[in-house]
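Some notes on the structure that comes next.
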């Protein structure tokens, strides 16, 4: 958490320095923020060992600020700047079209300092008259606020809090006060974002169990407390319900609190139709408990196969479970390679050697390095010659690497549907991801025609982050996915499931739809640092939520079989 806190502070300081026209200071703080947020080590450990300067971008001045924050709990310069700029930069920056200077312009002219005051200005139609804005800007901001409130206002990315919540569970387990512990809710269903946390436990001493939980460093305060349930505010900002159940009810509780609500409603209706009652304490036939200690027995008593938590969204899983037709989902441990990564040669933060080393250390058998092509200038995309030079480096590394490195590209689909590199360059590539990043319009037919033309080129292997959404800041592109899925099937082009938290793209409902076309999928972490390689786990979660089995995911193949599959 300390890494995230300081990265956020330095990001804000960069915004404030930019407002005051100090370009190089702003760049320095942004670099430090990026390095700290992706650092493999805990800042406390680096502080104690005197190695804070090992972090890229941390020099004497920034090291001093980190030390002040660790030792005193504050950074004086940050507090001074925040007094001048009492603005919620973190939230406002998530709105598409708002950078630091525009945020400051809204603050000085209209007193806008957070989402609520921005909404008030939008309702008053007072933004359109400001210099540098206009009616289109006002309408765009209105839509951006709607997207933020729908996806990003009160929820956190699963990937962002996943390790922290698992660590809380480990701390509870080490206390020896609990016979069993599980995390339920949307966290267990592996939804891309999480609004709150549910932890369920079994304990013979509930009072001591509750006391131990509330004394954890992760707990900021108690909201409510009772004999078997308490609600706390975690230091990460989320609320957490902590419930203690008897052994005989634990399976029923896990089923009930895992959800989803729609899934549970349908299960209760099935129970009623069979003359039974289902709640968080058990499945009852009259006054007799028919099942409750484990989930599988409850599902079996209702005439269903046990349903994996990721599937519980009332999207046909109950009917499939009744007909014994549930898929055998791809396992988290079966992914052998990462098929979407970047290096410092474009917009990544780590070198080729570092990315390959981290992939090998994580147990992967292969990695595709897919730097951006030249058309995406904001990401420092490589030219044809740049790729030829980079590919020679990969060839050299492959001679001594413990894992296979595939020469790849995240290739721009241009405005007319053509591709961003010469044919001769593309022929060098082992793996070609095609992507839309720029020039996307409001017309679904135009956007779709552009994508379909690229799919039909015969030069791409997979379509990267197909909807283009950024959760909390940008809605999905307008596209006709039936036409896209048909084109992928006809041209034997894969579709990517991108595990980068803000993207989480293809969304699980479209994965399930694409599955019906018999399309194969690639999983990619979209890593821009070694730390991001963990995103592959969350791409796998989306694959599972989309009903995919092992055979539908090409990353489950070993390096030789994958090579044979993509060779044209």
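The values are calculated or read from the model by the stated rules, or taken from the named source; none is laboratory data. Values in this document were obtained by computation on a predicted structure and should not be read as measured data. Methodologically, a virtual Cβ is constructed for each residue, glycine included, from the backbone with ideal geometry; neighbour enumeration extends over all protein chains shown.
Remarks
- Within this structure, residue 345 passes the test of being without any contact (Cβ under 8 Å) to a residue 60 or more places away in the chain, crowded, with 16+ Cβ neighbours inside 10 Å, under 26 Å from the mean Cα position of the chain (by Cα) and more than 30 Å from residue 262 (Cα to Cα).
- Whether a residue is at pLDDT 85 or above, part of a helix (DSSP H, G or I) and out of contact with any helix residue (DSSP H, G or I) (no Cβ under 7 Å at 6 or more places or on another chain) was assessed, and residue 160 passes this test.
The rows are residues; the columns are (1) closer than 19 Å to residue 163 by Cα; (2) modelled with pLDDT of 85 or more.
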position: 4; (1), (2): yes, no
position: 7; (1), (2): yes, yes
position: 11; (1), (2): no, yes
position: 20; (1), (2): no, yes
position: 26; (1), (2): no, yes
position: 45; (1), (2): yes, no
position: 51; (1), (2): no, no
position: 56; (1), (2): no, no
position: 59; (1), (2): no, yes
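- In segment 319-333, residue nearest to the chain's Cα centre (by Cα) [restricted to those that are touching a residue at least 24 places away in the same chain (Cβ under 8 Å) and surrounded by 11 or more Cβ atoms within 10 Å (Cβ to Cβ)]: 332
- Annotation: of all residues in segment 286-318 being surrounded by fewer than 20 Cβ atoms within 10 Å (Cβ to Cβ) and assigned to a strand (DSSP E or B), the one that is farthest from the chain's Cα centre (by Cα) is 288.
- Odd one out for residue 80, checked against (1) surrounded by 12 or more Cβ atoms within 10 Å (Cβ to Cβ); (2) modelled with pLDDT of 90 or more; (3) in a helix (DSSP H, G or I): (1)
- Tallying residues that are in contact (Cβ under 8 Å) with a residue 24 or more places away in the chain and either assigned to a helix (DSSP H, G or I) or out of contact with any helix residue (DSSP H, G or I) (no Cβ under 8 Å at 6 or more places or on another chain) (or both) within segment 41-60 yields 2.
- Helices (runs of 4 or more DSSP H) enclosed by segment 477-567 - at least 3 residues per element that are in contact with a strand residue (DSSP E or B) (Cβ under 6 Å, 6 or more places away or on another chain) and over 14 Å from residue 463 (Cβ atoms): 535-545
- Segment 405-439 - residue that is touching a helix residue (DSSP H, G or I) at 6+ places or on another chain (Cβ under 6 Å) and over 29 Å from residue 336 (Cα atoms) and, of those, surrounded by the fewest Cβ atoms within 10 Å (Cβ to Cβ): 422
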